[in-house]
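Let me begin by presenting the structure, written as structure tokens, before commenting on it.
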Amino acid sequence: MRFLRKSLTGLFLISLALGMLAYAGIMVRDAVQARLDETPRSRPASERVFAVNVVPVQIGNVIPEMSAFGEVQSRRTLELRAAAGGALLALDPLFVEGGRVSAGQLLARVDPANAQSALDRAESDVLDAVAEQREADRAIILARDELSAAEEQVALREQALQRQKDLKARNVGTSAAVEIAELAVSAAKQSVLTQRRAIAIAEGRIEQAVTRLRRSEIARDEAMRRLADTEVRAEFSGTLSDVAVVAGRLVSANERLAQLVDPDSLEVAFRVSTQQYARLLDDAGQLKVAPVSVSLDVFGTNISTTGQLSREGAAVGEGQTGRLLFATLEAPRGFKPGDFVTVSLKEPELQRVARLPATALNAQSEVLEIGEDNRLNALQVTLLRRQGDDVLVRARGLDGKEIVAERTPLLGAGIRVKPIRADGSEAPAAPELVELTDERRQKIRAFVEANTRMPADAKTRILGQLDQPKVPAAVVERIEARMGG
């Protein structure tokens, strides 16, 4: 009996364990099935609001400025070269790098000994030619006097011949006497021819003397020029640069000694694009005489001056683009040739344009304006000019609106933003509204109407808000806090 009782007890325990395991399995199955059949719950997605900097748009008239980079150069630059070779005997104390010299100042002298000797010989040749000319003049005077005497002899011989012929006609004279008289006349005429030949020779001698004197004067002038070439003088007032000689050095002809630069006659050469160049032309296609502003940034200290657009380059140049322009500087104080400067030119005035940050404009010439409920709207504009970090645009209905100052890839039309103005203030957020039950609304209205200390205008404003379907939550909280519940 004991064995049977223990067997039945074990069988009961086994059955109870199996039943509990089955029940547990059923519960797990039902729980999994209920989990699978359950509708997933998700939180409502909230709209993301971006904070953006905004700028107000103001339409007006703007004078654009064209900016370019240029190089300052002197309008008068002269290379000082030695016209004659030799030793440099003396140099002016100012013949140094940066020396300021005046026009006509003697800067250097090459050894003039050879040139001076050549000049002395040329002057001696001139004196000889002058003496030869004076002798030729005296010789022709004597030759002319001798010719006059010979002509008188011819006249006397002809008179004697005529007398002999008259005597022979009266049978007084003889034929021999007539022949002798004729021979005398012939000899006198021969003497006249000889004197005429002497005069011709004297005239030729005079011409040769004149030619010789002219040649000797030319040689003297050439010798004087060679002597003058031994001196190096400043052609104009300026500053010396690239000085490469010292006193006592041997220099050759045409060797460069230094460079003379006029620091008071400066101009700036700068290059602009063809589009910018077209805006600087007048109706006749000529370059306008426009004012320019030139500035040099020296570690934060700007050296600036004004000038005037003067001319343009004749050709574009190989491998270059745009146009090369030149502007003269009116007061180039502090500027030196070779300075890299910034040039600004004023363009004709533009009517009804807006100046905006360049970051507010995208590649499609669109800006984002702040619309209703602080949502962005894309607005198409026309880009007119770029002015450094700003742009000049024109569009309809742009005046008085607020534009996003800095666009990002996250911003676009329809996105809600929180505007931040330039003064740091944010745009006022829309008040939170709540819906009230009729009982709650009537309770609040009764409290407001029964309040005798509330101003009449404030009471009217609050009652008007209570008549709306939604009431600002801050107003409801404030009134219920005063009601004490």
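Is it true that Ala269 is exposed (fewer than 15 other Cβ atoms within 10 Å of the Cβ) and at pLDDT below 85? Steps first, please.
On the way: exposed (fewer than 15 other Cβ atoms within 10 Å of the Cβ): yes; at pLDDT below 85: no.
The answer is no for Ala269.
Every residue in region 308-320 that is surrounded by 10 or more Cβ atoms within 10 Å (Cβ to Cβ) and farther than 15 Å from Glu347 by Cα, please. So that I can check it myself, show each step before the final result.
From region 308-320, those surrounded by 10 or more Cβ atoms within 10 Å (Cβ to Cβ) are 308-313, 316-317, 320; that's our starting set.
Ser310, Arg311, Glu312, Gly313, Val316, Gly317, Gln320, listed by residue number.
Looking at Ala17, Ala34, Ala83, Ala90 in this structure, which one is modelled with pLDDT under 85, among the hydrophobic types (A, V, I, L, M, F, W, C) and loosely packed, with under 10 Cβ neighbours inside 10 Å?
Numbers: Ala17 fails: loosely packed, with under 10 Cβ neighbours inside 10 Å; Ala83 fails: loosely packed, with under 10 Cβ neighbours inside 10 Å; Ala90 fails: loosely packed, with under 10 Cβ neighbours inside 10 Å.
None of the others qualify; the one that does is Ala34.
For region 208-252, how many residues are of a type in the set (A, V, I, L, M, F, W, C), more than 28 Å from Pro337 (Cβ to Cβ) and surrounded by fewer than 17 Cβ atoms within 10 Å (Cβ to Cβ)?
First, pick out the residues of region 208-252 that are of a type in the set (A, V, I, L, M, F, W, C): 209-210, 213, 218-219, 223-224, 227-228, 232, 234, 236, 240, 243-247, 250-251.
From what's left, more than 28 Å from Pro337 (Cβ to Cβ): 209-210, 213, 218-219, 223-224, 227-228, 250.
Filter once more, so that each one left must be surrounded by fewer than 17 Cβ atoms within 10 Å (Cβ to Cβ): 210, 218, 224, 228, 250.
Of the residues in region 208-252, 5 are of a type in the set (A, V, I, L, M, F, W, C), more than 28 Å from Pro337 (Cβ to Cβ) and surrounded by fewer than 17 Cβ atoms within 10 Å (Cβ to Cβ).
Given the criterion more than 37 Å from the chain's Cα centre (by Cα), surrounded by 14 or more Cβ atoms within 10 Å (Cβ to Cβ) and part of a strand (DSSP E or B), identify the matching residue among Arg109, Arg144.
Numbers: Arg144 fails: part of a strand (DSSP E or B).
Matching residue, one of Arg109, Arg144: Arg109.
I'd like to check something: does region 218-226 contain any residue that is touching a residue at least 12 places away in the same chain (Cβ under 8 Å), acidic (Asp, Glu) and over 29 Å from Asp128 (Cα atoms)?
So far as region 218-226 goes, no, none of its residues is touching a residue at least 12 places away in the same chain (Cβ under 8 Å), acidic (Asp, Glu) and over 29 Å from Asp128 (Cα atoms).
With respect to Leu350, determine if the residue is closer than 30 Å to Leu281 by Cβ and either buried (at least 18 other Cβ atoms within 10 Å of the Cβ) or β-branched (Val, Ile, Thr) (or both). Reasoning before the result, please.
Details: closer than 30 Å to Leu281 by Cβ: yes; either buried (at least 18 other Cβ atoms within 10 Å of the Cβ) or β-branched (Val, Ile, Thr) (or both): no.
In short, no.
Given the conditions (1) surrounded by 14 or more Cβ atoms within 10 Å (Cβ to Cβ); (2) in a helix (DSSP H, G or I); (3) charged (D, E, K, R), which single one is not true for Arg138?
The number of the failed condition is (1).
Evaluate region 451-462: report whether one residue or more is at pLDDT 80 or above and of a type in the set (A, V, I, L, M).
Checked against the condition, which is being at pLDDT 80 or above and of a type in the set (A, V, I, L, M), region 451-462 yields at least one hit.
Out of Val417, Val448, Val471, report the one residue that is at pLDDT 75 or above, closer than 19 Å to Asp373 by Cβ, surrounded by 14 or more Cβ atoms within 10 Å (Cβ to Cβ) and not acidic (Asp, Glu).
Working: Val448 fails: closer than 19 Å to Asp373 by Cβ; Val471 fails: closer than 19 Å to Asp373 by Cβ.
Going through Val417, Val448, Val471 in turn, just one is at pLDDT 75 or above, closer than 19 Å to Asp373 by Cβ, surrounded by 14 or more Cβ atoms within 10 Å (Cβ to Cβ) and not acidic (Asp, Glu): Val417.
Against the conditions (1) out of contact with any Leu (no Cβ under 8 Å at 6 or more places or on another chain); (2) under 14 Å from Val57 (Cβ atoms); (3) among the β-branched types (Val, Ile, Thr), where does Thr359 fall short? Just the number, please.
Every listed condition holds for Thr359 apart from (2).
Does Ile63 satisfy being at pLDDT 85 or above, closer than 30 Å to Leu392 by Cα and surrounded by fewer than 10 Cβ atoms within 10 Å (Cβ to Cβ)? Lay out the reasoning, then the answer.
Details: at pLDDT 85 or above: yes; closer than 30 Å to Leu392 by Cα: yes; surrounded by fewer than 10 Cβ atoms within 10 Å (Cβ to Cβ): yes.
It is true that Ile63 is at pLDDT 85 or above, closer than 30 Å to Leu392 by Cα and surrounded by fewer than 10 Cβ atoms within 10 Å (Cβ to Cβ).
Condition first: surrounded by fewer than 14 Cβ atoms within 10 Å (Cβ to Cβ) and part of a loop (DSSP other than H, G, I, E, B). Now tell me which residues in region 452-468 satisfy that.
Thr452, Arg453, Pro455, Asp467, Gln468
Farther than 30 Å from Pro112 by Cα, part of a loop (DSSP other than H, G, I, E, B), of a type outside the set (S, T, N, Q) and more than 60 Å from the chain's Cα centre (by Cα): is that true of Val172 in this structure? Don't jump to the end; show me each part of the working.
Details: farther than 30 Å from Pro112 by Cα: yes; part of a loop (DSSP other than H, G, I, E, B): yes; of a type outside the set (S, T, N, Q): yes; more than 60 Å from the chain's Cα centre (by Cα): yes.
The answer is yes for Val172.
The values are calculated or read from the model by the stated rules, or taken from the named source; none is laboratory data. Because the structure is predicted, anything quoted here is derived from the model rather than measured. Cβ sites come from the backbone with ideal geometry, for glycine too, and all protein chains shown count toward neighbours.
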